[in-house]
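Some notes on the structure that comes next.
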Amino acid sequence: NRRVILKGHVTGFPSEDGMEIVSGMAHLAVPPGSAVLVLKNLYLSCDPYMRGLMTKHERPSSYAPDFIPGEVLVGYGVSKVVASGHPDFKFGDLVWGRTGWEEFTLIPNPESLFKINHTEIPLSYYTGVLGMSGLTAYIGLYDVAKAKKGDFVFVSAASGAVGQIVGQLAKLTGCYVVGSAGSDEKVNLLKTKFGFDDSFNYKKEQDLNSALQRYFPEGIDIYFDNVGGAMLEAVLLNMRVHGRITMCGMISQYNLEKHEGTRNLMNLISKRIRMEGFVVFDYFSEYHKFELEMAGYLMDGKIDYVEDITEGLDKAPAALIGLFTGCNVGKKLITLARE
Ligand code: NDP
């Protein structure tokens with residue numbers, strides 16, 4: 001059973017050398033009388049939050065167990081049940097949920113796994129648009145930002161796994177949507193594939209404040225923040241009265257040993273802005289409602305989706321790290337097997 005382990009805690013920018021592929025004996029039989037499952041992992045999701053779990057914390061992370069040096073990474077993935085002692089799961093069932101970055105994983109408690117219902121949709125989509133990333137976009141836009149028709153919406157990291165879905169859902173809601181991304185290829189994708197009203201390459205802008213003034217002459221109602229840092233500072237200067245800022249992620253800060261401060265918070269008061277963080281893991285009870293809606297959009301061609309696929313466990317560490325230099329165009333995932 002080949003697996004990706006974390007070699008040691010990480011400070012600063014992560015590197016491929018901080019992870020290692022090891023082969024281990026597979027102790028993957030279901031003990032008699034237990035409710036354990038054995039999963040064959042098909043697709044693994046690369047997610048920016050995994051970086052945070054590599055840091056040595058004085059207090060554990062509040063949203064997922066920290067990674068332990070010497071042990072396998074854990075993330076979200078799509079898997080096939082190859083042995084089951086649990087009455088609700090049988091050989092051949094397809095599931096998505098938390099699993100190891102390895103070929104086979106033993107799951108002592110399958111309560112957190114979701115069965116995959118729509119096999120007419122590509123299975124890999126359950127690592128993204130029909131999995132954690134899609135639910136994040138949906139909750140962040142509707143439950144947190146309360147998006148409604150006519151809102152002016154700005155999304156950062158807009159071509160990524162979460163951003164591309166946020167923008168398209170906002171368009172379906174009747175919003176005016178602009179996205180920022182870090183390459184011309186991504187910026188084009190936003191307009192040509194995902195139907196954003198406009199988009200810009202933030203790396204080519206001298207001054208983010210004047211860029212936002214240009215794209216939002218009347219100001220921003222909703223900022224879906226995936227990046228934090230300088231972009232958030234500029235957005236705070238461009239929000240409208242009663243605006244909402246969904247704090248989804250701050251990827252610009254994840255590899256800094258000391259996070260940057262935020263200077264423009266006064267705008268929250270003068271413009272009566274609500275700025276709210278959320279963690280998608282608190283919303284899995286909404287998954288089935290979301291899945292039904294999103295599967296419908298996908299099958300009706302109302303939502304488009306772009307994946308960036310890496311083949312094989314050997315390349316998994318590089319794929320994960322590539323998120324932090326913007327190597328991925330769309331949802332980054334790793335294929336281990338197709339069935
Ligand atoms: P993406 O697919 O968007 O990949 C990450 C992207 O972030 C890169 O492609 C790059 O795009 C951009 N990026 C990388 N480094 C920087 C930087 N220093 N400054 C600005 N942008 C950078 O990832 P996801 O869609 O999976 O995640 C997006 C955000 O959502 C992340 O912050 C993540 O942590 C957060 N998240 C939060 C959840 C929650 O529950 N709150 C759940 C899931 C995700 P570009 O080339 O455009 O710069």
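Values for this structure:
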{"quantity": "Selected residue [within 11 Å of the ligand (Cβ to nearest atom), among the acidic types (Asp, Glu), closer than 20 Å to Ser183 by Cα and not in a loop (DSSP other than H, G, I, E, B)] from Asp282, Asp308", "calculated": "Asp308"}
{"quantity": "Single residue of Thr119, Thr99 found to be among the polar types (S, T, N, Q) and in contact (Cβ under 8 Å) with a residue 60 or more places away in the chain", "calculated": "Thr99"}
{"quantity": "Matching entry among Pro60, Pro69, Pro14, Pro65 (being part of a loop (DSSP other than H, G, I, E, B) and under 19 Å from Lys332 (Cα atoms))", "calculated": "Pro14"}
{"quantity": "Single unsatisfied condition, Ile139 versus (1) more than 7 Å from the ligand (Cβ to nearest atom); (2) crowded, with 23+ Cβ neighbours inside 10 Å; (3) within 19 Å of the chain's Cα centre (by Cα); (4) of a type outside the set (Phe, Trp, Tyr)", "calculated": "(2)"}
{"quantity": "One residue from Asp221, Asp184 being more than 25 Å from Arg51 (Cβ to Cβ) and either without any contact (Cβ under 8 Å) to a residue 24 or more places away in the chain or near the ligand (Cβ under 10 Å from one of its atoms) (or both)", "calculated": "Asp184"}
{"quantity": "Odd one out for Ser23, checked against (1) more than 23 Å from the chain's Cα centre (by Cα); (2) closer than 14 Å to Gly100 by Cα; (3) surrounded by 17 or more Cβ atoms within 10 Å (Cβ to Cβ)", "calculated": "(3)"}
{"quantity": "Those residues of the range 155-177 which are in a helix (DSSP H, G or I) and either of a type outside the set (A, V, I, L, M) or near the ligand (Cβ under 7 Å from one of its atoms) (or both), in sequence order", "calculated": "Ala161, Val162, Gly163, Gln164, Gly167, Gln168, Lys171, Thr173"}
{"quantity": "Elements of type helices (runs of 4 or more DSSP H) in the range 178-266, at least 1 residues being touching a helix residue (DSSP H, G or I) at 6+ places or on another chain (Cβ under 6 Å)", "calculated": "208-215, 229-236"}
{"quantity": "Odd one out for Gly97, checked against (1) part of a strand (DSSP E or B); (2) at negative phi", "calculated": "(2)"}
{"quantity": "Close pairs from the range 295-311: first within 13 Å of Phe194 (Cβ to Cβ), partner among the small types (Gly, Ala, Ser) and at pLDDT below 95, Cβ under 9 Å, at least 6 apart", "calculated": "none"}
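The values are calculated or read from the model by the stated rules, or taken from the named source; none is laboratory data. Not measured: the values here are computed from a predicted model. When we count neighbours, we look across all protein chains shown, and the Cβ atoms used for this are built from the backbone with ideal geometry, even at glycine.
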